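Please read the structure below before turning to the comments.
The values are calculated or read from the model by the stated rules, or taken from the named source; none is laboratory data. No experiment lies behind these values; they were computed from the predicted model shown. Quick reminder, even Gly has a Cβ in these numbers, built from the backbone with ideal geometry, and neighbours come from all protein chains shown. What goes into the accessible areas is simple: the full protein's heavy atoms, side chains included, and nothing from ligands, DNA or RNA. Shrake-Rupley method; radii C 1.70, N 1.55, O 1.52, S 1.80 Å.
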Amino acid sequence: GTDPNQVDENGRNLLMLAAFNGHTPIAQYLIDQGSKIDTQDSAGRTALMFASTGLNMPTVQLLLNHKAKVNVVDSEEHWSALMFAAAEGHKEVVELLLQHEADLSLQDIDGSTAESFARDNGHLEVADLLKARSENP
């Protein structure tokens, strides 16, 4: 009986928490109950951003299947889901986001891109993938 769009003190709803932890069946249930896909928390982060921080491919795919907006940026650092995935070196998530038209040119408040996050964190395979994709869209 809980409202699936209820938020905590940080503006996070249950879908965001399920996405962060890769609980795809729970995320599906919440979506079926009317949880809004692109709700943003107090930092402007969405469920897709939370899912993209981990190896949560099924959850990322679920959110994308339900038309999650790929190029939303948070209100604090201006990070996108692609930046979160690249910074963590999650190549499969990066590839999936790119298939759904993630914008490689987005920059955070310091001018860094998903490619630079990957490179700076030692995820050279991901950085090279992003560089190649930006050179050959």
* Asked: Span-like helices, the chain: DSSP H, alpha-carbon axial extent 15 Å or more, mean Kyte-Doolittle -0.5 or greater, which ones?
  -> 124-135
* Near K36, which lysines are there with a Cα under 24 Å away, not counting those fewer than 8 places off in the same chain? -> K67, K69
* With N set to the residue count of the stretch 1-121, report its C-alpha Rg divided by 2.2 N^0.38 Å to two decimal places. => 0.99
* To do: Heavy atoms only, probe 1.4 angstrom, no DNA, RNA or ligands counted: give me F84, F20 ranked by accessible area, highest first.
  => F20, F84
* Structure fact -> Using alpha-carbon coordinates alone, the radius of gyration and Dmax of the stretch 1-58 in Å work out to 10.3, 30
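Over the stretch 1-123, what is the relative contact order in whole percent, taking alpha-carbon pairs under 8 Å and six or more residues apart?
Numbers: 209 pairs, mean separation 24.4, N = 123.
Relative contact order of the stretch 1-123: 20 percent.
So what is the 222 nm mean residue ellipticity for the chain from helices alone, if each DSSP H run of at least 4 adds -39500 (n - 2.57) and you divide by all residues, rounding to the nearest 500 deg cm²/dmol? It would help to have the intermediate numbers written out before the result.
On the way: 8 runs with 67 residues, N = 137.
Calculated from helices alone, the mean residue ellipticity at 222 nm is -13500 deg cm²/dmol.
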* Structure fact -> The alpha-carbon pair-distance distribution computed for the stretch 34-95, with 10 angstrom bins and whole-percent values, is 26, 58, 16, 0
* To do: Based on the mean of other Cβ atoms within 10 Å per residue, sort peptides 6-13, 90-97 so the most packed one is first.
  => 90-97, 6-13
